[in-house]
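Below is one structure, written out as structure tokens; the observations come after it.
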Amino acid sequence: MSTSHPAVFLDRDGVLIEDTGYPHLESELRMMPGAAEAVRRLNRLGYLCVIVTNQSGVARGLFTEDQMHAFNDVIVRRLAVGGGRIGAVYACPYHSEGRVEAYIHPDHPDRKPNPGMILRAIADHDIDPAKSFMIGDQPSDMEAAKRAGIPGFRFEGGNLDDFIRELLGH
């Protein structure tokens, strides 16, 4: 008997939070309307919610990896206040045109459109890819989902909970 469970892979900037251009400070955090409600709805339906986010701002020297992790923690806490539970966060700080040597990589396997973060999450959390999907706002999110063998759905703004409700037919 399979114990694996379904998951929804959520992009961060432009899906869970408004994309304000390399946000990394709590004062810059603007939650997407309906984000906590959407995550809560997905949790109630049995989905593990996993954030998968490219964060080239680290490679570009705009903020540190520690600042990135701290900001992601704030997002997870904000969603939790609204009843939404994030099971894991995967963030890729690498970029081919970075300025910080340690984070320069020509084509990192974790950097979307590559599927590395999704595939690692599937392995790390016993996720059933056949029952899972991705929500992103960029073509690179859709391509990462496709390469990971899961459906991808493009969120183009508005209320995330309305989008999820319509997507799942509830």
TODO: Given the conditions (1) open to solvent by less than 60 Å² (accessible area, probe 1.4 Å); (2) in contact with a Lys or Arg (Cβ under 8 Å, 6 or more places away or on another chain), report the number of the one that Y94 does not fulfil.
DONE: (1)
Task: Cβ pairs under 7 Å, 6+ apart, first in the stretch 41-56 and closer than 14 Å to H170 by Cβ, second open to solvent by less than 10 Å² (accessible area, probe 1.4 Å) - done: R41/I164; L42/V8; L42/C49; L42/I164; N43/C49; N43/G84; Y47/A7; Y47/V8
Open item on the list: Just the residues that are touching a Phe, Trp or Tyr at 6+ places or on another chain (Cβ under 6 Å) and open to solvent by less than 50 Å² (accessible area, probe 1.4 Å), please, taken from the stretch 12-71.
Closed with: V15, H24, V50, V52, G57, V58, A59
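The values are calculated or read from the model by the stated rules, or taken from the named source; none is laboratory data. Given the structure is predicted, the values throughout are model-derived calculations rather than measurements. As a convention, Cβ positions derive from the backbone with ideal geometry for all residues, glycine included, and neighbour counts pool all protein chains shown. Ligands, DNA and RNA are stripped out before the accessible areas are found, and what is left, the full protein with its side chains, is counted by its heavy atoms. Shrake-Rupley method; radii C 1.70, N 1.55, O 1.52, S 1.80 Å.
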